[in-house]
Amino acid sequence: MKMRIDLVVNNEPATLDVEPNRTLLDVLRNELGLTSVKDGCGTGDCGACTVLLDGEPINACLALPAALTGRRITTVEGLAADPVGRALQTAFVTRGAVQCGYCTPGMLLAAKALVAHAETAPLDDDTIRRGIAGNICRCTGYQKIVEAIQEVAEALRRPEAIESSTAATSPTTITTTTTTTITATITATTTDTTTDTTTDTTTDIGGPA
């Protein structure tokens, strides 16, 4: 028997009639067409299906939408409208943190949750590695991913990259104009990269469906 649930997915309300035993992974992919949420292990071990639940990363393969009514879900598609999310995508590309792309959506969302705390405390190498420990990448060796996350975290802590260092409580207060500053900071430290190339490439992050 189906039950009606109300979610907010990427800042858009979604009302769905689903069986109570269907996973959030299944619903996001097959009901809402959000195929960036990857079906990897199905047991919560690989992190390919990572999404944000009210800003914190969870494994969509282990979550039941029936228990999440009224909650906010963010997938990598939702990062397109988020300045920090776009800065992370830029950094992943310019730092070479993207290869096959299968783990990238989940890794970006884990990174987004990490840098949400970067304004008040620096993110060192160990902190970042612990934060992405639930996301497996078999291509990059993780170092480039760590460097990309550090780039954005450090940019967010600079006064010129934050709209208001005293009033802001979350990276979502950073404006689109500020994203340009963050992107410029990242790009300036990366050789053989142009802003135009970066902008064009980041729109394709999501990996194979």
Just need the relative contact order of segment 1-42 here, percent rounded to a whole number, with Cα pairs under 8 Å and 6+ apart. 27 percent
Applying a 10 Å radius around every beta-carbon, put 67-76, 47-56 in order of their mean neighbour count, most first. 47-56, 67-76
Taking the radius of gyration and the Kirkwood hydrodynamic radius from Cα positions alone, what is the Rg/Rh ratio for segment 89-151, to two decimal places? 0.92
What lysines could a cross-link reach from Lys144, if we take a straight Cα to Cα line under 21 Å and drop same-chain neighbours fewer than 8 places away? Lys112
In square nanometres, what is the average projected area of the Cα convex hull of segment 51-100? 4.4 nm²
From the backbone phi of segment 91-105, what are the Karplus-calculated ³J(HN,Hα) couplings (6.51 cos²θ - 1.76 cosθ + 1.60, θ = phi - 60°) in whole Hz, Gly and Pro given as x? 5, 4, 6, 5, 8, x, 8, 10, 10, 6, x, 5, 8, 4, x
Tell me, rounded to the nearest percent, the portion of alpha carbon pairs in segment 49-164 spaced more than 19 Å apart. 44 percent
Rolling a 1.4 angstrom probe over the protein heavy atoms, how many square angstrom per residue are accessible across segment 22-123? 35 Å²
Average Cα contact separation per residue, segment 92-151, under 8 Å, 6 or more apart, as relative contact order %: 56 percent
Taking only the alpha-carbon positions of segment 1-119 as identical scatterers, the Debye log10 I(q)/I(0) at q = 0.10 Å⁻¹ comes out as -0.29
If you roll a 1.4 Å probe over segment 32-109 with all protein chains in place, what percent of the accessible area is carbon or sulfur? 52 percent
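The values are calculated or read from the model by the stated rules, or taken from the named source; none is laboratory data. On a predicted model such as this, the values are computed, not experimentally measured, just so you know. Glycine also receives a Cβ, built like all others from the backbone with ideal geometry; neighbour counts cover every protein chain displayed. These area figures cover heavy atoms from the full protein model, side chains too; ligands, DNA and RNA do not enter into them. Shrake-Rupley method; radii C 1.70, N 1.55, O 1.52, S 1.80 Å.
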